[in-house]
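The structure under discussion appears below in the form of structure tokens.
The values are calculated or read from the model by the stated rules, or taken from the named source; none is laboratory data. Bear in mind the structure is a predicted one, so any value in this text is a computation, not a measurement. All Cβ positions, even for glycine, are placed from backbone atoms using ideal geometry, and neighbour counts span all protein chains on display. All accessible areas refer to the heavy atoms of the entire protein, side chains included, with ligands and DNA or RNA removed. Shrake-Rupley method; radii C 1.70, N 1.55, O 1.52, S 1.80 Å.
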Amino acid sequence: MNGKKGSIRIDICLPSDIVVPEAVKKPITKVPSPRKWLCDVWEFARQDTNRVTFALKVGLACFLVSLLILVRAPYDIFGTNIIWSVLTVVVMFEYTVGATFNRGFNRALGSVLAGVFAIVVIEVAMSSGHIAEPYIIGFSIFLIGAVTSFMKLWPSLVPYEYGFRVILLTYCLIVVSGYRMGNPIRTVMNRLYSIAIGGLVAVLVNAFIFPIWAGEQLHKELVNNLNSLADSLEECIKKYISDDGSKHPDFSKTVMDDFHDEPAFGKCQATLNSSEKLASLANSAKWEPPHGRFKHFFYPWVEYVKVGNVLRHCAYEVMALHGCVHSEIQAPYNLKCAFRPEILDATNQAAELLRSLAKDVNNMKWSFQASLLKRVHVSTERLQHSIGLHSYLFTTNHEDSSAKAQLKTTRFVSFNLKNFNNESNEPEGMVTGNTTTPSAPIEAESYHEMIRRQQRRLHSWPPREIDNFKDDENVVSDLMPRMCALESTTFLSLATFTSLLIEFVARLDHLVEAVEKLATMARFKEQIMN
């Protein structure tokens, strides 16, 4: 007995030869070294230098606002209310200039409305006497909280959700603190002045010191999505055409890994996931003044989102093509090679059209894409004609007829031999009267039995060993239709792949129309293609 009174400690000594299971052992977590952590930070900052710029600007804005507290003169004027300037900078400073303007508008409008409501309620409460004053203030807080929380859920008012939250927060703090501190009107005005100072500092620092414009970010994002989809399409088609089935990965493993090792899949997935980012950037860009290459008012930022939506529908087809690349049922390699020139031609023309659109949007110069679009359609029509001309390759009826003939011959010979042996009740090869049991049918039966076993193995899906089949005469007749159907499915998988490619090309027409509308409304310079 050791330790405190009444406690018992039992020491158990385990033999050294006992092996502790792996599940019991605690996992050893490796702590990243400071050098590796610094390398990761450096790489993260190097990928986008605007991240460093944004961080430094936030630090500068907070420093400038804090001088109002550190310096004695401003602090003597505003007192402790100057802390609202720091709070305003923290919650209002956003990554882009447009987002900061949007947040600042919501902040200013919410603060002004909250101040007006607070002044009105305080005047009414003070004129009602000391007994009714706390009840009026309490009921007003309940009413403002309920109304603002309900209105920010209204669909058309969702973009102003932050403004309603500012109204509720500012109103509650002003009314409650003014009720206890005395002179509530002066408290309201000082806090509004502090909020205005913080908002002005945030806007000036963000807009005039290395500004990060949401419109420029939106423009680059759309261009990158067009180029990424073109690269993803080409890489996907090349991998499908060059896949001979020797290195086809296990489907369960590819599903678990989610194809992270394939750049083409990652690019296509990034394009699909960019819709929310495009909408957010467009909403922020609407608040920005004319700047850089976007020099006229009411720039059509919404058209960028519409082009992104059409591009996302094209990316759906590319994602489906990736699914065909990793599907369990694959077309024979020789069949892929038969249509290889037509598929590659259609793919290259479509990718060239996408890159041409990306170049036009990037340079803000519109060149009529009639010639490129016509070449894409010609290559697609050539692919469709080739599929129609060689449609017999997608069926296996000509192979099934010979297999069925062999099966019928096998079953006929086997049936005659069984009847003959049952009637004679004598061993094979013995003489009955003047008739001897022929040995040729026995050789034919063994030959056709071998053919039948090979048919079972080749036409089964998934492939099965020969010994897994039962030696029943009705097995082949029952399995052959299903085996042939599954075999034809492998050929039809190529037809599915080509149909998805043709559908992708068909959707490019809508993409060209969307980009043309953007070029018209954004006043792109027109140029004639050679």
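Can you tell me which residue among SER149, SER140 is in a helix (DSSP H, G or I), open to solvent by 40 Å² or more (accessible area, probe 1.4 Å) and more than 16 Å from VAL112 (Cα to Cα)?
Of SER149, SER140, the one residue that is in a helix (DSSP H, G or I), open to solvent by 40 Å² or more (accessible area, probe 1.4 Å) and more than 16 Å from VAL112 (Cα to Cα) is SER149.
State which residue is nearest to the chain's Cα centre (by Cα) when the search covers only segment 357-380 and only residues that are under 17 Å from HIS219 (Cβ atoms) and either of a type in the set (A, V, I, L, M) or surrounded by 15 or more Cβ atoms within 10 Å (Cβ to Cβ) (or both).
Ranking the candidates gives ALA358 first.
Go through (1) within 24 Å of PRO74 (Cβ to Cβ); (2) of a type in the set (Ser, Thr, Tyr); (3) touching a residue at least 12 places away in the same chain (Cβ under 8 Å) for SER177 and report which single condition fails.
(3)
I'd like to verify a number: residues in segment 338-356 that are closer than 14 Å to ILE387 by Cα and either free of Cβ contacts under 8 Å to residues at least 12 places away in the same chain or touching a strand residue (DSSP E or B) at 6+ places or on another chain (Cβ under 9 Å) (or both), how many?
1
Just the residues that are in a helix (DSSP H, G or I), β-branched (Val, Ile, Thr) and out of contact with any His (no Cβ under 8 Å at 6 or more places or on another chain), please, taken from segment 304-334.
VAL305, VAL307, VAL318, VAL325
Pick out the one residue from ALA114, ALA99 that is over 33 Å from the mean Cα position of the chain (by Cα), modelled with pLDDT of 85 or more and open to solvent by less than 80 Å² (accessible area, probe 1.4 Å).
Result: ALA114 is the single residue among ALA114, ALA99 that is over 33 Å from the mean Cα position of the chain (by Cα), modelled with pLDDT of 85 or more and open to solvent by less than 80 Å² (accessible area, probe 1.4 Å).
Which one of the conditions (1) touching a residue at least 12 places away in the same chain (Cβ under 8 Å); (2) within 25 Å of VAL176 (Cα to Cα); (3) open to solvent by less than 70 Å² (accessible area, probe 1.4 Å) does SER128 fail to meet, given that it meets all the rest?
Exception for SER128: condition (1).
Kindly indicate which of ILE131, ILE137, ILE185 is over 43 Å from the mean Cα position of the chain (by Cα) and closer than 16 Å to ASN81 by Cβ.
Residue meeting the stated conditions: ILE185.
Could you grab me the full set of residues in segment 281-303 that are surrounded by fewer than 16 Cβ atoms within 10 Å (Cβ to Cβ) and in a helix (DSSP H, G or I)?
VAL302
Is it fair to say HIS248 is open to solvent by less than 70 Å² (accessible area, probe 1.4 Å) and either modelled with pLDDT of 60 or more or of a type in the set (Lys, Arg) (or both)?
In short, no.
Residues in segment 317-340: is at least one closer than 30 Å to LYS525 by Cβ and not small (Gly, Ala, Ser)?
The answer is no, given that none of the residues of segment 317-340 is closer than 30 Å to LYS525 by Cβ and not small (Gly, Ala, Ser).
Scan segment 17-28 and tell me whether some residue there is open to solvent by 70 Å² or more (accessible area, probe 1.4 Å), among the acidic types (Asp, Glu) and modelled with pLDDT of 75 or more.
Checked against the condition, which is being open to solvent by 70 Å² or more (accessible area, probe 1.4 Å), among the acidic types (Asp, Glu) and modelled with pLDDT of 75 or more, segment 17-28 yields no hits at all.
Conditions (1) of a type in the set (S, T, N, Q); (2) in a helix (DSSP H, G or I); (3) surrounded by fewer than 21 Cβ atoms within 10 Å (Cβ to Cβ); (4) at positive phi, marked per residue:
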residue: GLY145; (1), (2), (3), (4): no, yes, yes, no
residue: LEU153; (1), (2), (3), (4): no, no, yes, no
residue: ILE167; (1), (2), (3), (4): no, yes, no, no
residue: LEU173; (1), (2), (3), (4): no, yes, yes, no
residue: ARG191; (1), (2), (3), (4): no, yes, no, no
residue: ILE195; (1), (2), (3), (4): no, yes, no, no
residue: GLY198; (1), (2), (3), (4): no, yes, no, no
residue: VAL205; (1), (2), (3), (4): no, yes, no, no
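Given the structure, is VAL121 open to solvent by 50 Å² or more (accessible area, probe 1.4 Å) and part of a helix (DSSP H, G or I)?
In short, no.
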